[in-house]
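Written below as structure tokens is the structure these notes are about.
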Amino acid sequence: MGRILSIDYGRKRCGIAVTDPLKIIANGLTTVASAKLIDFLKEYLIKENVELVILGLPKQMNNQLSENWKYINPFVNLFKKTFPDIPIEYVDERFTSVLAHRTMLSGGLKKKDRQNKELVDEISATIILQSYMESSRTY
């Protein structure tokens, strides 16, 4: 039974979150420089069984893909070429940064900690993963 890994892809860095092996809990994993993401995934996937990758899909308010898609699409193509056996699914990532900041605020983090962009990206990846898990749950 493999984990589900989510990526909040950004031009500079990517937040990464992952489920436990039973796919019950989503946890923030780390933040990685975008240029080093494939190398990080190669190492991580040797150690952990990941059966699915969830990628935040950047959309505008009119439901069209945002300009950031042009940065994500080359990564998606490289990912599919490098890891052909791992499927990718997309989750609308609108408002994840806002939700991440609200989560940090309600969690009592100090202002200095809330300004940590890496932490925001990691929490955003966790929110994306949690959103996927909630939408795919069967009752």
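The values are calculated or read from the model by the stated rules, or taken from the named source; none is laboratory data. Owing to the predicted nature of the structure, the values given are computational and were not obtained by experimental measurement. Quick reminder, even Gly has a Cβ in these numbers, built from the backbone with ideal geometry, and neighbours come from all protein chains shown. Surface accessibility is based on the protein's heavy atoms, side chains included, excluding ligands, DNA and RNA. Shrake-Rupley method; radii C 1.70, N 1.55, O 1.52, S 1.80 Å.
With the requirement that a residue be in a helix (DSSP H, G or I) and loosely packed, with under 11 Cβ neighbours inside 10 Å, what does region 75-90 give you?
Across region 75-90, the qualifying residues are N77, K81.
Which of the residues spanning region 49-65 are under 21 Å from E93 (Cβ atoms) and loosely packed, with under 11 Cβ neighbours inside 10 Å?
M61, N62, N63, Q64
Of the conditions (1) of a type outside the set (V, I, T); (2) touching an Asp or Glu at 6+ places or on another chain (Cβ under 8 Å); (3) more than 22 Å from M133 (Cα to Cα), F40 satisfies every one except a single condition; which number is it?
(2)
Being among the β-branched types (V, I, T), open to solvent by 90 Å² or more (accessible area, probe 1.4 Å) and either part of a helix (DSSP H, G or I) or at pLDDT 95 or above (or both) is true for just one of I46, I4, I72. Which residue is that?
Sole residue among the options that is among the β-branched types (V, I, T), open to solvent by 90 Å² or more (accessible area, probe 1.4 Å) and either part of a helix (DSSP H, G or I) or at pLDDT 95 or above (or both): I46.
Would you mind stating whether L29 is open to solvent by 20 Å² or more (accessible area, probe 1.4 Å) and either at negative phi or out of contact with any Ser or Thr (no Cβ under 9 Å at 6 or more places or on another chain) (or both)?
So L29 passes the test.
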